[in-house]
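Here is the structure we will look at.
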Amino acid sequence: MFERKLNRSDMLRCTLCYDAPCSAACGRLDPAGLLRSVWFDDEKVAAARLPESDPCQNCAEPCEAACVRPNEVPIRELLRRLRNEVRPELEVPLPEDEERLRTDLCGVPLENPFLLSSSVVASNYDMCARAFEAGWAGVCFKTICSFDIHEVSPRFSAITGDNGSIIGFKNVEQLSDHSVAENMEIFRRLKQNYPTKVILASIMGQNEAEWEELARQCEANGADAIELNFSCPNMEKGGLGSDIGQNPDLVERYTAAARRGTKLPILVKPTPNVANMSEAAEAGKRGGADGFSVINTIKSIIGVNPHTYITSPAVHGMSAVGGYSGNAVKPIALRFLAELGKNPALAGMHLSGMGGVETWLDALEFILLGATSIQVTTAVMQYGYRIVEDLKAGLNLYLAEKGFHSLKEAVGLALDSVSPTTYALERDTVIFPKFLQEKCIGCGRCVVSCADGGHQAITLTAERKPKLNGKKCVGCHLCLLVCPQKAIRSTRKRIKKV
């Protein structure tokens with residue numbers, strides 16, 4: 001399942017173009033769509049979508065010539081590998097429908113688990129409509145409030161990988177800058193034109209009366225559920241956003257106020273800027289919440305300019321602490337999700353997971369730790385609404401391979417394996433690494449890391465091949481992680497002497 005034949009590293013020069021010239025030039029295949037599937041861990045889906053006959057055979061490679069980086073992306077070679085290496089190992093055919101993906105949000109039907117999370121990606125009618133057309137099951141609309149919002153410029157910054165893709169993303173964006181009346185009109189239009197899609201209305205009030213009234217108006221104008229934003233880190237005034245999420249008494253009080261205004265399901269969105277989330281979550285339950293959205297962005301500082309001494313984004317000589325998101329925060333999001341999922345006081349509560357979801361495999365991790373719905377923002381900002389195609393296709397194929405008839409059969413399956421501390425872990429077994437000599441190129445990265453960051457258990461032979469000293473190896477697996485060739489795997493066990 002996880003031994004992929006192709007990875008992002010095989011196509012790093014691909015820019016994932018809009019209206020890709022490579023596909024226009026081909027005329028027989030959609031190379032851009034197939035490569036995008038590889039990028040988003042959907043190599044099996046891509047291989048299954050190839051036709052029986054091979055249109056790339058004896059091809060003049062117009063796709064590579066038309067590429068915006070001409071002949072820099074090995075399109076034909078990648079398609080050949082999909083056919084010859086991936087396709088023969090397919091276990092099941094692509095599912096003919098998406099019935100397995102059906103789920104619900106506190107009883108509200110979802111055609112699949114994927115929603116846009118409350119942010120700029122779901123902030124007006126046109127954007128939400130295009131997302132629905134693309135295949136998203138619903139949107140959590142950008143947080144509605146009754147106070148004036150004035151945004152700064154610029155308001156985003158990021159940490160990027162070697163190929164320019166975003167790893168971590170910072171924003172100092174605030175809430176919806178439309179009036180409550182304007183947003184209610186958007187809800188009505190969306191519900192009229194897309195009656196099967198779900199509107200999760202994110203709201204924020206300044207006092208109990210506002211929380212109650214906003215919830216009431218959202219229900220009256222077509223919302224299917226309410227999300228209470230107790231976690232935005234970018235609020236100008238005190239006592240809003242993450243200030244609420246750090247105060248369980250306020251969480252309970254404002255949840256109860258929203259509950260007085262609506263009979264719709266209510267999700268509390270606690271702040272991750274705390275040591276643990278359970279106290280606030282339990283307070284939300286006492287106030288009448290039906291579930292939780294986990295997590296919002298994390299307070300952060302990115303990039304101190306070595307010449308101006310200003311952090312990013314710089315706004316007229318100043319910057320500020322802002323919200324951090326993207327794939328880099330996924331481990332933190334999974335940690336908080338597991339905390340709530342394992343809390344017996346919260347049993348039966350809906351969990352909507354978010355924080356770093358880019359691929360179906362990311363989404364699956366949230367599902368296995370208890371999430372029944374998934375929300376996405378940063379990946380959409382980077383790659384567009386189109387990613388939902390690969391999110392759905394990859395998850396659907398995985399469920400079919402596992403023999404699951406419903407997504408809900410996978411919800412929470414990993415929770416029992418999670419311990420809150422490392423002390424519960426077994427300590428009498430060492431798992432040795434195994435060097436795959438046919439893949440090893442003799443770079444010696446494993447030697448360097450083991451010597452300077454491990455236990456000095458690996459040496460390099462005269463033939464530049466790694467050699468393990470089993471008496472020194474403690475099985476930490478640092479070497480597996482640093483190997484650029486993925487030429488190291490786990491192997492046999494050694495029982496320590498007592």
### Message
Suppose we look only past 26 Å in the calculated P(r) of the range 99-417. What percent of the Cα-Cα pairs does that tail hold?
### Response
42
### Query
Which three lengths, in whole Å and largest first, does the range 213-310 cover when its Cα atoms are put on their principal axes?
54, 30, 21
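Scan the range 341-428 for trypsin sites (Lys or Arg not before Pro) in coil per DSSP, keeping those whose Cβ has at most 13 other Cβ atoms within 10 Å, and list them by number.
Arg427
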### Task
Could you work out the local net charge near Glu252, counting Lys and Arg as +1, Asp and Glu as -1, over the other residues with Cβ closer than 12 Å to its Cβ?
0
## Note on the structure
Between Tyr423 and Ala451, Cβ-based FRET efficiency (R0 30 Å, step 0.05) works out to 0.55
### Query
Exactly which trypsin sites (Lys or Arg not before Pro) in the range 191-288 are in a DSSP loop and have at most 11 other Cβ atoms within 10 Å?
Lys237, Lys263
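Given contacts defined as C-alpha pairs under 8 Å and at least six residues apart, what's the relative contact order of the chain, whole-number percent?
Working: 971 pairs, mean separation 61.8, N = 498.
It comes to 12 percent, rounded to a whole number.
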### Query
In the chain, what % of DSSP beta bridges are antiparallel (nearest 5)?
50
### Task
Please go through the range 346-447 and write out the GluC sites (Glu not before Pro) that DSSP classes as loop and that have at most 10 other C-beta atoms within 10 Å.
Glu426, Glu438
### Query
What ranking of Glu96, Glu208 emerges when the number of other C-beta atoms within 10 Å of each C-beta is taken as an exposure proxy, fewest first?
Glu96, Glu208
### Task
Rank these for me by crowding, Lys142, Lys472, going from fewest to most other beta carbons within 10 Å.
Lys472, Lys142
### Query
Once the piece of chain linking Ile301 and Val430 is laid out straight, how much longer is it, given 0.36 nm per residue of separation minus the C-alpha distance between them?
42.5 nm
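Quick note: the coordinates plus some simple rules give every number you see, no bench work behind them. If you're wondering where the values come from, they're calculated on a predicted model, not measured in any experiment. Cβ coordinates were reconstructed from backbone atoms using ideal geometry, including for glycine residues, and neighbour counts include every protein chain displayed.
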